[in-house]
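Readers should treat all values here as calculations from the given coordinates under stated rules, not as data from a laboratory. In this text, all values refer to a predicted model and were calculated from it rather than measured experimentally. Methodologically, a virtual Cβ is constructed for each residue, glycine included, from the backbone with ideal geometry; neighbour enumeration extends over all protein chains shown.
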Amino acid sequence: MPNNLIFSNVASELQVQIFGKNGSNVLPLQTDTSGNLVAVVATVSALTAGTVTVQGGTITTVSTVDTVNTVSALTAGTVTVQGGTINTVPIATTSFTTLELSTSTSNVLQMQTATQNIYSYYVVNLSETDTVTALLQISPVSTGTYFVNDTSTIVTLGPVSGGVTSKGVLVAAKYLQYTRLSLSASAGTPTVECYYNAHA
């Protein structure tokens, strides 16, 4: 047929190359090996809500962003802030246990405290007759036999008196990777509540 360069009437067999114009240059659009269009976002502006995830790239400038709540999973790349501030929000950690003691030592709430900016242990003796001794133990590894007493933290918690419980807060004076709470009773089987609070 004269002046007819397409010789197929089957649409699925037709392939069209698409071009775009960059200034005075006419260039073909690119795809990856799966056929997805390859695009580069030069500027993200006026993002009032939502999420930006960057993998294997760079955010050079983000302008007019009202609030960025979370930047997560940044596996590679750079975030540059102009005219703003990146604030670190502490991540709080809390653990709790209740246990019945004996004159034998009980070790609880073992934590990797090296990853925390600040932490403390809280103990309350609920017994009306028995005294509790509490201290912290520290170790460079998580294996139980490596722990040693941080003797500066020893507190003695007497029994309930006049309806008021005896409480103590313990913070290790020396630094090692791991910390745990060590408890024992002078007699009987007193019940204690133990808390661990920290933030990174």
Using all alpha carbons of region 92-199, what is the percent of pairwise distances in each 10 Å bin, ordered from the shortest bin to the longest? 16, 48, 29, 7, 0
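Arrange the peptides 176-183, 161-168 so that the one whose residues have, on average, the most other Cβ atoms within 10 Å appears first. Show your work: numbers first, answer last.
Values: 176-183: 20.8, 161-168: 11.2.
Answer by packing, highest mean first, reads 176-183, 161-168.
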Place the peptides 133-140, 151-158 in order of packing, highest mean first, counting for every residue the other Cβ atoms within 10 Å and averaging per peptide. 133-140, 151-158
How do the peptides 188-196, 20-28 rank, highest first, by the average count of neighbouring beta carbon atoms within 10 Å per residue? 188-196, 20-28
